[in-house]
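Only one structure is covered here, and it is reproduced in the block below.
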Amino acid sequence: QVQLVESGGGLVQAGGSLRLSCVASGSIFRVNAMGWYRQAPGKQRELVAAITSDGSTNYADSVKGRFTISRDNAKNTVYLQMDSLKPEDTADYHCGADKYSLASGRLPDYWGQGTQVSVSA
């Protein structure tokens, strides 16, 4: 099993920044891809950003150029730096990890409890 614990959410004004952290523990060797999902009330779950064990990244079009995903393998931690935040970025953000890959259309093998991000206009 792999446990994921997120932190770093909060309330910020539009144009501001936040950095989310996700610490993984347990059977880390099982994991290839890690990333961040978000879900806002009334909207579908969206894969925001993902990073694989070889460092390859991908982003949702809605966050390209504003969000940056990175990982510190020594700390078993994945970060999501969120800049130029917009009110439409308001959502619950969850860390996900999978033995293979991440996709918006399905839940990953491992899922964190989530952290709330609220962006005021």
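Observations, loosely collected:
- Here's the list of lysines a cross-link from LYS86 could span, going by alpha-carbon distance under 28 Å and ignoring same-chain residues fewer than 8 apart: LYS43, LYS64.
- SER101 paired with ASN73, simple spin-label distance in nm, labels 7 Å along Cα-to-beta-carbon: 2.1 nm
- Long-range amide H partners of LEU85 with built H, under 5 Å: GLY15, GLY16
- Inverse of mean 1/r across different Cα pairs in the chain, Kirkwood, Å: 14.1 Å
- Per residue, in Å², the accessible surface of the chain once ligands and nucleic acids are set aside, probe 1.4 Å: 51 Å²
- Accessible-area composition of the chain, carbon plus sulfur, in percent [1.4 Å probe]: 47 percent
The values are calculated or read from the model by the stated rules, or taken from the named source; none is laboratory data. Computed from a predicted model, the values in this text were never measured in an experiment. A quick note on method: Cβ atoms are made from the backbone with ideal geometry, for glycine too, and the neighbour counts reach across all protein chains shown. Just the protein is used for accessible areas: all its heavy atoms, side chains included, with ligands, DNA and RNA removed. Shrake-Rupley method; radii C 1.70, N 1.55, O 1.52, S 1.80 Å.
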